[in-house]
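Coordinate-derived values only; no laboratory data. Worth saying up front: this structure is predicted, and the values here are computed from it rather than measured. Neighbour counts run over all protein chains shown; Cβ positions are idealised from the backbone, glycine included.
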């Protein structure tokens, strides 16, 4: 690592007495955890042992040692490096309290320098907890009746909360895909390995013909939600939808975008994830500008697709199609998304309003590349979506009758 | 059996030297984790984009430690019969027929005879355990991200016990744990439980100096000037916004191709003609070919 190019910058005296060294390492472990690096306590023991072997003479070696033992996720590397720099610079031989504990504040956002890269986001309880709790209480007594056909945009806060809980009850079953694993079955191909095995067990006599089929697994879902300003009236409800989806179906990857694309899968999976994500959305708004769907999809295709588009997922794009970017780029990137998925559904909340026609440039460019164009403006439309997904079975574009 | 236990380099420097002896350039950031994995006897988990030389680490390490390399290539649906062991049923059936023809079948005796090592097909994980009777081998579990989660679960168990139980034969244990190297292209997240057991190392694309040294040592026919230009161009190309960046082996293939074409210097024309060796995605090639090649070349040779 180039920042360690000028070596023996002694971070600790070579003959540092062991208890102090151990103490420092434990403290560093705590700082890492506080900064949000997923370290594992057991590895601390290894780290202490390893430092003994490697020595504390070279900063670069020490960084490599601690990094290889305490970090096991690529996305944690920048955090680790920041924490290492702060800790082992500010941290002379004597004082070990001041700068660390400022770092040790809970769940601090550490800004990333590389633009375009997936952002790291903190998980912090929102300030409007009280408001949420109040709304929660309302819903709990079911005093609010929610119309299934009322537009989300017209919901009151209490209705939103009640609707949110109704959303959590929808069961999402996004069809199945065939895996390459075999499983025993009554009908299907003859299970040759088992035929042979049984044959041998029974001394060469063939008594029955066991059969097998390819096992089926739920199809993964990839959700790309537009959270730009024009989607504001729907964002909150749609994030709840995304969070319910993530918790009910097994393999869901979710992303939000306005001008930039951010992965929020991990946050969504947590209880109350939608609240964390709405903070993310606010942050995204801070970046300003309108939606650039094509650019967001481009980032998705180059940075994330290889990792989240395995096994032919169903892709859901939620957007009103108001696009400030280049429609040609949008068309091209969308075509690429479609090639790698089994089914591409565009959910547009505006499709629910009478008289809406998809005339925006973005929507026009998109229509040629999607399998289904569906509304997402009220509870009924989301229930329809759930039913639609369930009916889909193992369909892929190209081999389907229209559903 | 005479056992020659594995000797581990005494320090990171010694390890670097041993790897260097196999024409492999390992900077400290990589040598330290390898060394720690050896000392701690933990699996080494190497992650990085395709083509940064992860598999190479295992090959070179086996050579440097003078031990054998056993490789398990992962794929979706990989199961115990392909990863650990399988009985050779066709041979067993033949054997049954032969016993029948010979002497009439004595069931108990036949079963005993049929389920012996002679009829066992040993797959990489079992072979790695057995090999430790001679000397701990390097066990390369390549592209774990391609296997499904079921296999990861099995692997977790294997890595903690280093033993395999075959109901008909008994339990086979490692005399000492093999040196395990797991690689992942990160096409999906590998479960934390597995990664936590390992010494983790992220391998980035090499910087200019490292890649230049790799080119000169692997493509000796390339002139110094060509090697410099090739490396600079590839480095510059990796910063372009592409679906699939060129890996080290692409650099080497390209350099070798240019040597075969008797090229001593890069120009836009020859790059256009040979771009297919560097970029394997048609859209990437289309977006770079022509004008952009010139710009990138200008920046690279600046």
| query | According to a simple spin-label model (label point 7 Å from Cα along Cα-to-Cβ), what is the distance in nm between residue A:335 and residue B:152? | reply | 3.5
| request: First measure r as the distance between the Cβ atoms of residue B:240 and residue A:49, then evaluate 1/(1 + (r/R0)^6) with R0 = 51 Å and state the FRET efficiency to the nearest 0.05. | output: 0.70
| note | Simple spin-label estimate for residue A:179/residue A:156, 7 Å along Cα→Cβ, in nm, reads 4.8
| Three-way shape label, region A:153-239, alpha-carbon gyration tensor, a/c 1.5 | prolate
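Which whole number gives the average, over all residues in A:65-78, of C-beta atoms from other chains lying within 10 Å of the residue C-beta?
Details: counts 7, 1, 7, 16, 9, 1, 4, 13, 7, 8, 1, 2, 3, 0.
Taking the mean over all residues of the peptide, I get 6.
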| field | Distance-filtered residues of region B:240-282 - backbone nitrogen under 18 Å, label point 7 angstrom along residue B:224 Cα→Cβ | value | B:264-266
| field | Distance from region A:19-34 to region B:1-23 (C-alpha centre basis), Å | value | 32
| When the Cα centres of region A:35-50 and region B:138-158 are compared, how far apart do they sit, in Å? | 23
| What is the order of A:388, A:72, A:23, fewest Cβ neighbours within 10 Å to most? | A:23, A:388, A:72
| Using the alpha-carbon centroid of each, what span in Å lies between region B:247-302 and region A:224-280? | 41
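Can you give the mean number of other chain Cβ atoms that lie within 10 Å of the Cβ atoms in peptide B:188-199?
4
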| What is the packing order of peptides A:228-240, B:152-164, taking the mean over residues of other C-beta atoms within 10 Å and listing the highest first? | A:228-240, B:152-164
| task | Give me the distance in nm between label points sitting 7 Å out from Cα along the Cα-to-Cβ direction at residue B:22 and residue B:192, one decimal. | result | 3.3
| message | Only counting other Cβ atoms within 10 Å, I'd like A:353, B:68, B:201 sorted with the fewest neighbours first. | response | A:353, B:68, B:201
| remark: Residues A:343, A:172 in order from fewest to most other beta-carbon atoms within 10 Å are A:172, A:343
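With the cut-off at 1.5 for a/c, could you classify region A:288-403 from its C-alpha gyration tensor as rounded, prolate or oblate? Walk me through the numbers on the way to the answer.
Values: a/c = 1.75, a/b = 1.07, b/c = 1.64.
Here region A:288-403 falls in the oblate category.
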| Shape box of region B:181-302 [Cα atoms, principal axes, largest first, Å] | 50, 32, 25
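D for the protein assembly as shown, whole µm²/s, Stokes-Einstein with Kirkwood Rh over alpha-carbon pairs at 20 °C and 1.002 mPa s: what number? Spell out each step's value before the answer.
Working: Rh = 29.1 Å.
Roughly 74 µm²/s, to the nearest whole number.
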| note | Per residue of B:141-150, other chain Cβ atoms within 10 Å number on average 1
